[in-house]
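The values are calculated or read from the model by the stated rules, or taken from the named source; none is laboratory data. This is a predicted model, so every value here is computed, not measured. Cβ placement follows ideal geometry from the backbone for every residue including glycine, while neighbour counts extend to all protein chains displayed.
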Amino acid sequence: MQGERADTGQGAARRRYRGFIRRHLFAVIGLPIIAGLLAGLVASALTPLYEASATLLLGDAPAGEGPDQRRERSETRVLLLQSRGLAEQVAGRLDLWSRPGFVPCRSLPTWAPIQLALDRLRSGWRGRGAQSRLAPTPEQARRAILDALAAGLLVEPVADSRVIRVALRCDDPGLAAELANAYVDTYLEDQGRTRNATVERITERLDDQRRQIEAAETRLREYREQHGLDAGDDLPEGSGDGLEGLSQRLAAARARRDGLRADYQQAKDLDTTDPVTAASHPVLGRNQVIQSLRADEVRADQNLAKLAGRYGPRHPKRIGAQGERDGIRARLRTEITNTVAGLREGLELAETRVHQLEQEIGTRSARAREQESKGPALAALEREVQTKRRLYEGLLAGIDETGAGGAEGRQAARILDRAEVPRDPIAPDRALVIGVASLCGLLLGVLWSLARERRDDRLIVPEAVEPLVGIQTLGTVPILRAKGPSPVAPERAFSDRPHSLFAEAIRTIRTAIVLSDVERPRQVILVTSSLPGEGKGVVAINLAAALACTGRVLLVDADLRRAGIGMRLGLPVEAPGLTEILAGSEDPDDCIHRVEGTGLDLIPSGVLPADPLERLSTAALTPAIEALTRRYDRILINSPPLQVVSDALILSRSAQGLVFVIGANSTPSEIARLAVDRLRRVQAPLLGAVLNRYDPALAARRGLAPSGPGAHAHQGYARYQR
């Protein structure tokens, strides 16, 4: 996780991805492969499922049926195909009740032997008795068969068509096709039986209704014959041939007669000798022929007047114009005479029509008065006939709706395609199962790896120390791997291999410490860590040896809980040390020991006291350290781990600098950060952190550091090359 904050750029991102895959190779690659293999085995062991389908073509919808009615009709047929009653008919048709192996409950379950053994142990029953308990009852078997049919049935209408698809899924391809065909055949037969029964019932009612109509018509006819009525006498009063209609026509005839009489009286007194004056009368003005002749006469007069001013009375043109005008007047006079005669004839006809209507009304009125006593009975008979005829027509319409009205409509649905035996199963889809399982395995592996990465906050590279812990890095100490024929002890690595990369790393840390206090040298430096086992003792010993190359240096082992530095450097356990100095039981000079092969002096921990924290908290510590500072250029103090005990907090008050050791690939960043926060709260003089046991090869494998030629001299770290 720390590399994600420390590295930037595309190269670093690629390294992190490669390192992530290498660290979690099994989870990211192995889990998908295993999941895919297991899924393939499971899919191969599963029973294949086949699907066979048949299609039904429904009959034409009744005329005037809307979209909602068509949808309801289609849904009704789907529900009929899915009904349990139809499933029972299919099961009986194919005799599924006695077909072995059709339903899993026909055979004993896989746990039957265990159940039988438990039954024998518990009650001493025989296997037959237990098996009879486990065997399904006939009712359970019947329900299981119907449930299996319902589970394998798929009925779906094809969009924007009158086609319904009926599919059956089964582990036997032949049985699947047989079931699909049996479903459509049974449905059509059931619909045919229902339709025929309906038609028979309606036909019987039609015959009965026809007989009732004939009886009602007979009674109506006999009533009319008995009372001397004809078929037109039963018309209602408000019809076109009733009294009301006759009265209206009589009023219209009288009005026409009166109008013709007034016109004739005015026209017969006109003077036909003066046709021009007669033609201007309003009665004759309605005649289009007279008006046209009148206009011709006016034009002839105008033409004659014009010629009279130009020619004499005997001029041929004037004589011709005079003859033309006289002819027009003669025709006008004749037309006037004919019009008056026509008015007279129309008046006579109108009077005749009025007389006829008056006689008809009189006759009808007399007949109506005669039938007043017979009206209710006749109306009742007529209503009876009309009611029975309407019922008869409704039954006929019902026959049309059932599909019995014609040869084309006698079959409401038909089979469009019969089901065929499927060749390939539809399930399980092995490729899909394996793909989904592998994808799930990959997802699970990535999630698991990310969770591990999130929990793993160990510090691995130096670039992650400052962002995660909040303290600068003084340097790194490479991990020591003893691969050569003469391995060196870690505490002697700097002295025995002064030209190794390990020694160069210690010198780098020494340089960082020296450069941090150029103006005011820090004489007393405390070395501590957050947890045990991080190698702070090895770092303190080798750092003291490096500082001893440039001046007088004293190494003090202030870990009064576990003596380790003195024994590592060859001193006996009973050698006097810091405990005796603080107790005042030994002279400080007797507690200082020279480390063999180096210019380094050492004060071991001495005899471990029962109360180490109280010994370090005494007032004798500060004077003792001050006295030692007058004799040495540098004093390095090794203290216990900070997260375990509080000794380092006490010792930090006597130090001018503090080196914090972090174990690479072992110390969690959160633990190290908490330890640094504790030091800051007591205002400890922090110089920086040292990343101990740094492994560049591990960092490269994890993608947190560059790899390849020239990245790090990994081999030199392990073999201490000069």
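General remarks:
- Annotation for segment 590-606: at least one member residue is at positive phi, in a loop (DSSP other than H, G, I, E, B) and either at pLDDT 90 or above or surrounded by fewer than 21 Cβ atoms within 10 Å (Cβ to Cβ) (or both).
- Of everything in segment 697-722 that is buried (at least 21 other Cβ atoms within 10 Å of the Cβ) and part of a helix (DSSP H, G or I), the residue that is modelled with the highest pLDDT is Ala699.
- The single residue among Ala655, Ala648, Ala664 that is under 21 Å from Leu608 (Cα atoms), in contact with a Leu (Cβ under 7 Å, 6 or more places away or on another chain) and touching a residue at least 60 places away in the same chain (Cβ under 8 Å) turns out to be Ala648.
- Selected residue (criterion: nearest to Ala505 (Cα to Cα)) from residues of segment 646-668 that are of a type outside the set (A, V, I, L, M, F, W, C) and surrounded by fewer than 20 Cβ atoms within 10 Å (Cβ to Cβ): Asn665
- Residue count, segment 646-664 (criterion: over 58 Å from the mean Cα position of the chain (by Cα) and either of a type in the set (A, V, I, L, M, F, W, C) or outside the structural domain of Leu555 (by TED's automatic domain parsing) (or both)): 7
- Residue check for Leu636: surrounded by 15 or more Cβ atoms within 10 Å (Cβ to Cβ), at negative phi, assigned to a helix (DSSP H, G or I) and in the same structural domain as Val539 (by TED's automatic domain parsing): no
- Output for segment 264-309, where each listed residue is charged (D, E, K, R), closer than 20 Å to Glu324 by Cβ and modelled with pLDDT of 70 or more: Arg294, Asp296, Glu297, Arg299, Asp301, Lys306
- Comparison of Arg568, Arg562, Arg552, Arg630 shows that the only residue that is among the charged types (D, E, K, R) and in contact with a strand residue (DSSP E or B) (Cβ under 9 Å, 6 or more places away or on another chain) is Arg552.
- For Gln302, the conditions (1) surrounded by 17 or more Cβ atoms within 10 Å (Cβ to Cβ); (2) polar (S, T, N, Q); (3) more than 30 Å from Leu343 (Cβ to Cβ) all hold with the exception of (1).
- Residue within segment 601-620 that is in contact (Cβ under 8 Å) with a residue 40 or more places away in the chain and hydroxyl-bearing (Ser, Thr, Tyr) present: yes
- Search result, residues across segment 387-427 that are modelled with pLDDT under 80, farther than 18 Å from Arg201 by Cα and among the charged types (D, E, K, R): Glu408
- Under the condition of being touching a strand residue (DSSP E or B) at 6+ places or on another chain (Cβ under 9 Å) and part of a helix (DSSP H, G or I), the residues counted in segment 81-93 number 2.
Residues are listed down the side, and each one gets a yes or a no for (1) more than 30 Å from Arg630 (Cβ to Cβ); (2) part of a loop (DSSP other than H, G, I, E, B); (3) at pLDDT below 90:
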| residue | (1), (2), (3) |
| --- | --- |
| Leu480 | yes, yes, yes |
| Val488 | yes, yes, yes |
| Arg492 | no, no, yes |
| Ile506 | no, no, no |
| Ile509 | no, no, no |
| Pro521 | no, yes, yes |
| Leu526 | no, no, no |
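- Within segment 411-448, tally of residues that are in contact with a helix residue (DSSP H, G or I) (Cβ under 8 Å, 6 or more places away or on another chain), farther than 19 Å from Ile33 by Cα and among the β-branched types (Val, Ile, Thr): 2
- Among the residues of segment 216-245, those that are of a type in the set (A, V, I, L, M, F, W, C) and modelled with pLDDT under 80 comprise Leu220, Leu229, Ala231, Leu235, Leu243.
- Take the conditions (1) assigned to a loop (DSSP other than H, G, I, E, B); (2) more than 20 Å from Pro490 (Cα to Cα); (3) not acidic (Asp, Glu); Ile513 misses just one of them, which is (1).
- Long-range neighbours under 6 Å by Cβ, at least six apart or interchain, first residue over 25 Å from Ala377 (Cβ atoms) within segment 195-219, second part of a helix (DSSP H, G or I) and not aliphatic (A, V, I, L, M): Ile202/Gly398
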